[in-house]
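Below is one structure, written out as structure tokens, with a few remarks after it.
Read-outs throughout are calculated quantities, based only on the coordinates presented, and are distinct from any laboratory measurement. These numbers come from a predicted model, not from an experiment. Positions of Cβ are backbone-derived with ideal geometry, glycine not excepted, and every protein chain shown enters the neighbour counts.
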Amino acid sequence: MALIMQNLNRIIAVLLVAAALLLGLFAWMLARRPPPARPVAPVAQASFPVVVATRALPAGKPIAVDALRVEKLPINPIGAFNDPALLAGRVPVTDIGAQVPVLDTQLSSGLAERVEPGERAVAVRVDESNAVGNRLRPGNFVDVFFTLKRDGAVGSNAEVERTQARLLLSRVRVIAFGKGDGAPGGGETDAAARTAVLAVPIAEVDSLTLAEGAGRLVLALRNPRDAEVADMAALPASEGVLKTAAKSTARASGSTRAATGISLEELSGDAVARAPVPAAHNSPKTPARVIAGAGTHHDIEVIRGGRAETVAW
């Protein structure tokens, strides 16, 4: 009996040692296991209001308000808009697909939007002496004068017979000056500007470019409240370099008048001065009569318009 109890105690001791070893191994494994990750609270995804097209927008046609809507997008593209009113009437330069954000780079530039129908934006060379000391700003109104120097050719071969200076265009709007962006009050302009962009009626672009190429332009700043302009109807109409069919150049549209062109002779006014003048009906001249006089000299009787006089020779 004692032997049995002794063996039983040994078995129990072995089991206890084995259990201790297992518990130690389990504790060691728990110590090496990384701590469980803490649960991360879900972050709300950012969204941005962006104007997108509800239908395809073709290039060259103004955008209608009903073709736009604001959607929440996870990104805010560069040049995107958040107000459809800012895009109403703008003109795309490329086709814009449906459900696509409308970007500023897809639209016509701000400078083009400032050109009214029937006008063209024309850049002219400027410096301090002919641009009011470089004090012009976008939105100003100017009168454009030009000077032409007499041509060195003689007689009918001269395109400019007289040195002259006169008004070319009245109340022309400045839409950009120097490196300015063209927006009135939109920042400082270039202190040493080399160009000014003017909004010119298309029918007058020919005259402006010819006057700049053949002479010198002067931009005279004027008060914006002064609405007085030159009466162009009182001046001789240009016949143009090309002749229009079925109607005169004076009644042609702006683009058609520009297509007919203008010559330097017309611009200088010498074409009008050289127009043929109807011959006057003069009374027939009475031939001079020679009167023999006494002595060594002779007298000639000359009759001018009923008045007679004697000239010795």
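Check which residues have an amide H placed less than 5 Å from residue 194's amide H, if you skip close sequence neighbours.
The answer is 178.
In what sequence, highest mean first, do 68-79, 197-208 appear when ranked by Cβ atoms within 10 angstrom?
On the way: 68-79: 12.7, 197-208: 20.7.
Ranked by mean Cβ neighbours within 10 Å, highest first: 197-208, 68-79.
How would you rank 211-221, 28-38, highest first, on the average number of other Cβ atoms within 10 Å across their residues? Write down the numbers at each step before the final one.
On the way: 211-221: 17.5, 28-38: 6.7.
Ranked from most to least packed, the peptides come out as 211-221, 28-38.
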